[in-house]
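Report on one structure; see the data block that follows.
Computed from the coordinates by the stated procedures, all read-outs in this text should not be read as laboratory data. Quick caveat: nothing in here was measured; it's all calculated off a predicted structure. Here the Cβ positions follow ideal geometry from the backbone for every residue, glycine too, while neighbour counts run over all protein chains shown.
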Amino acid sequence: MKVRALIRSAVIGILLTGFQTAIPNISQAQGGLIDRVKQKVKDKAEADANTVKCAVTDTACIKKAVDEGKSVKVVDAKGKPVSTSDSTKALNAATGATPDAPAATPNATTAPQGSGQAFGDGVAANYDFVPGDRVIFAEDFTKDNVGDFPRRLKLKTGNFEVVDWKGQRAVRSTAYGTLIIPLLETLPSRFTFEADYVGNDGWNMDVAFGDTDDEITQAHFSPGDGGLEGAGVSSASSVPDDARRPITHLAVMADGDYAKAYVNGVRVANVPNTKLGRGKAILITVTGDRDTPAYITNIRIAAGGKPLYDALMANGRVATHGILFDSGSDRVRGESKPTLDQIAAMLAAHPDLSLTIEGHTDNAGNAGSNQSLSERRAAAVRQTLITKYGIAASRLTSKGFGATKPAVSNDTPEGRQQNRRVELVRA
């Protein structure tokens, strides 16, 4: 059904090209759409040809397919796909892989998937993503009822519903469809976009920024690749096998006409001259089916801020949201490296500068646990700067405040995201 729908879209696009002389912009856009549709059909056929069905109990079949570099669709005794959780367990059992870390807890500045790797591992050398410091929109669907359409989003096409999935909430699609994220303000010149996505390797999640699709660049992501395309720009690359995850973390960082895109800690696009729309909406388009639904969760859109040193000198303190930890843990994750690189560079450039590192949480969960975790995480950041970057211990102290010093109200998802932070305070 997916292929027929895409072919039908391609035929419509071909018919529209007859208006090329009168409406050149539409013709060009449809030409690009046709190429993408054709490529997706081709990719889907190739993916199907490289997929092996194995029974959930047939570890030999699963291991053989993995060893041969093929994709595995794990099925039950009747040949029907099993749940994502059961599929992952079967793959882990057959290959000896370590299960993923638990899902993120509400009160953690936490990366979406665990890897058990040391600091700095699991991210590519070119990974330089630093999230914006003022949250514009955040959603993990925890306030929505299961089975409902997410109340803070809008529907453009398709059929979406909120589900309990892998220990967290997500919005699920079993068909082609587009969601609209309405924003309370126009996207600023500097902003970041993040989301977690699960889908078939052959299909993209497309993200369009701004109120219109006309002459703007879109981000295209799949579990194995990603990039930026549109307005005369095309930049994309694949991610290595060791960067693939059951849950794919996607990110875009924009500064004026400069934009970069990332998949699971790998920079897949680096474009100095693009046009990301600056409107009051973001559109997310996915394709799923009953066997392989698409899931989206942990959406975060934030405005970029001043350089760390400028903000620190102006206000005496600066909040950072790019230092990430394993769920319920004080282990600093590899994705924190770009932010810690900036902090270390600032300290190296200003040898007279000393800092107090503060850990903060929102007000969800147990107050005592939040207090203890914030203290341990602040101490872990301090220790990382000492051991990994050679910063003198005498220049750094650490404190944890739990939820006792919120930066903004905890009444909204954006507020809670804003309050989960590490702050640097000029000593």
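Here are some notes:
- Taking amide H positions as modeled 1.01 Å from N, with prolines and chain starts lacking one, the residues under 5 Å from G230 and 5 or more places away or on another chain are Q218.
- Taking the Cα centre of the stretch 134-303 as reference, the dipole from Cβ charges on Lys and Arg (+1) and Asp and Glu (-1) amounts to some 480 debye.
- Net charge contributed by nearby residues that have their C-beta within less than 14 Å of Q342 (K/R +1, D/E -1): -2
- Under a model in which nothing but the beta-carbon of Lys, Arg (+1) and Asp, Glu (-1) is charged, the stretch 308-426 shows a dipole of about 260 debye around its Cα centre.
- Placing one equal scatterer on every Cα of the stretch 308-426 and applying the Debye formula, the log10 ratio I(q)/I(0) at q = 0.09, 0.10, 0.23 Å⁻¹ is -0.22, -0.28, -1.41.
- Trypsin sites (Lys or Arg not before Pro) lying in DSSP loop within the stretch 133-175, provided at most 16 other Cβ fall within 10 Å: K143, R151, R152
- Given +1 at the Cβ of Lys and Arg, -1 at the Cβ of Asp and Glu and no other charges, the dipole of the stretch 152-191 around its Cα centre is 60 debye to the nearest 20.
- Along the axis of the charge dipole computed for the stretch 176-286 (Cβ charges of +1 for Lys and Arg, -1 for Asp and Glu, origin at the Cα centre), the listed residues M253, G210, G227 are led at the positive end by M253.
- Other-chain or far-sequence residues with amide H under 5 Å of D225's (modelled H): V239
- Checking the Cα-Cα distances for K166/K306; K156/K275; K64/K166; K275/K306; K143/K280; K280/K306 against a 25 Å cut-off, the pairs over it are K166/K306; K64/K166.
- Across the stretch 177-186, computed HN-Hα scalar couplings (Karplus, 6.51 cos²θ - 1.76 cosθ + 1.60, θ = phi - 60°) run x, 10, 9, 10, 9, x, 10, 7, 8, 5 Hz from first to last residue, x flagging Gly and Pro.
- log₁₀ of I(q)/I(0) at q = 0.09, 0.13, 0.16 Å⁻¹ - the stretch 134-303, Debye sum with one point per alpha carbon: -0.27, -0.58, -0.90
- Residue-wise HN-Hα coupling along the stretch 323-332, computed from phi with Karplus coefficients 6.51, -1.76, 1.60 (Hz; x: Gly, Pro): 9, 10, 10, 5, 4, x, 10, 9, 6, 6
- Interchain or long-range residues, amide H under 5 Å from I391's placed H: I386
- For the stretch 308-426, the relative contact order is 36 percent, taking Cα pairs closer than 8 Å that sit 6 or more residues apart in sequence and dividing their mean separation by the residue count.
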